[in-house]
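Here's the structure, in structure tokens; my notes come after.
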Amino acid sequence: MKLLHISDLHLGKRVNEFSMLEDQKYILRQILAIADEKQADGVMIAGDIYDKPVPSAEAVQVFDWFLTALAERGKQVFAVSGNHDSAERIAFGAQLMSGRGVHVSPVYRGDTAKITMTDSYGELCLYLLPFVKPAVVRHALEGAPGMEETPMPESYQDAVRLAVERMEVDSSKRNILIAHQFVTGAGRCDSEEVSVGCLDNVDADVFDAFDYVALGHIHSPQSLKRETVRYCGTPLKYSFSEAAQEKSVTVVEFREKGNIVLSTAALVPLHDLRKIRGTYLEVTAKSFYQDTDTDDYVQITLTDEEDIPDGLQKLRIIYPNLMRLEYDNSRTRQSRVIERAEEIEQKSELELFAEFYEMQNNQPMSGEQTAFVSRLIEECRGERE
């Protein structure tokens, strides 16, 4: 069986006040073409379908069109809600849609939706886990039959571990988990929501029972611990920290147990998102831009020592989709030094220690480490008082 893995569509998103809806329609058409070309049996959507819990009517219409197009092609859909989505809205009509092969995670009530597919190699079990917080799992399981002696989760790590344990995964079968969580060690970019102190961290070993883990939440494509615990990344660039990335769809072919073949299919955006740097005279010279697509979304960093009067408006004559104009000169560099000092003064001890730890260890603290440091800080405060 062959499935596409996509996530973080963020339908309805605006980047620097530019609507991305037309770009999103364009890239979804490419995903449909890839599904046809690769003869995929279905598509896994690992959360953050919309950019807001209450999406615009236009965003809902785009997703409805996409699901309908997949269903008409006979492609199965397996989707979970992310932290940007409303779990209730995503789950609306789930039973009705399942009749067309569109399977959506329900609101988490203590059990995870399981869909069983069959191919020439046997059964393929897909588990649909929506984005969960410790409070969500506690609310679902406190007082539940058989849970009287089970400690309720206080961290994301414990919450996801408990949710996975309740799935009672049969290790003799091929098992897939579709989830939307932050796995420790994943590289972030500017378009993602960051939890203070990395309290939302989950260790990859929580997913050891699964042959493939289709993750969403992190916008850069990457695998963690093993190749088959994977973030596919966003289909579009949503921040200039992603400018150098190549976006793609992950294609997953499930053969016999233990044999999974991964590949990627490149996505080409309607408008690329890229950075430009130079003096005003350099970036406005025809020789500089004549061989480039000036309709791309761009961030221009001018290195002139003096600001250009009406620079934004003047540059948009050449670059109509200029999203951001910045200056890098002696004045702005001095200003950044002052702002950095003020920023440090405003941060808590926990935030400063978390930054120091990540700098020293090249990875953020786990949820358990963060909780431990937080307790130590509180104890030190108590001793000082």
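Derivation of every value follows stated rules applied to the coordinates shown; laboratory data play no part. As the structure is a prediction and not an experimental result, all values here were calculated from the model. Here the Cβ positions follow ideal geometry from the backbone for every residue, glycine too, while neighbour counts run over all protein chains shown.
May I ask for the distance between the Cα centers of segment 223-248 and segment 171-185, given as a whole number of Å? Their Cα centres are 17 Å away from one another. Around D111, with a cut-off of 11 angstrom between Cβ atoms, what is the net charge of the other residues, counting Lys and Arg +1 and Asp and Glu -1? Net local charge, D111 excluded: +2. Here the simple spin-label model places points 7 Å from the Cα toward Cβ, and for E227 and R274 these points are separated by 3.1 nm.
Where both partners of a DSSP beta bridge lie in segment 2-266, what percent of those bridges are antiparallel, to the nearest 5? The partial results should precede the final answer.
Numbers: 23 of 51 bridges.
If we restrict to bridges inside segment 2-266, about 45 percent are antiparallel.
Just checking the listed ones, L96, L350, L302: in the Gaussian network model of the chain with Cα springs under 10 Å, the one fluctuating most is L96. Here is how the number arises for the chain: DSSP H runs of 4 or more residues each give -39500 (n - 2.57), the sum is divided by the residue count, and the result at 222 nm is -9500 deg cm²/dmol. Checking the Cα-Cα distances for K225/K247; K247/K275; K38/K133 against a 27 Å cut-off, the pairs over it are K38/K133.
Using the Cβ-Cβ distance between Q61 and E326 with R0 set to 51 Å, the FRET efficiency works out to roughly 0.90. Summing charges over neighbours of P134, with a neighbour being any other residue whose Cβ is under 9 Å away from its Cβ, gives 0 when K and R count +1 and D and E count -1. So how far, in whole Å, is the C-alpha centre of segment 22-75 from the one of segment 80-108? After rounding, the separation between the Cα centres reads 14 Å. Among the GluC sites (Glu not before Pro) in segment 102-167, those placed in a DSSP loop whose Cβ has at most 15 other Cβ atoms within 10 Å are E142, E148, E149, E154.
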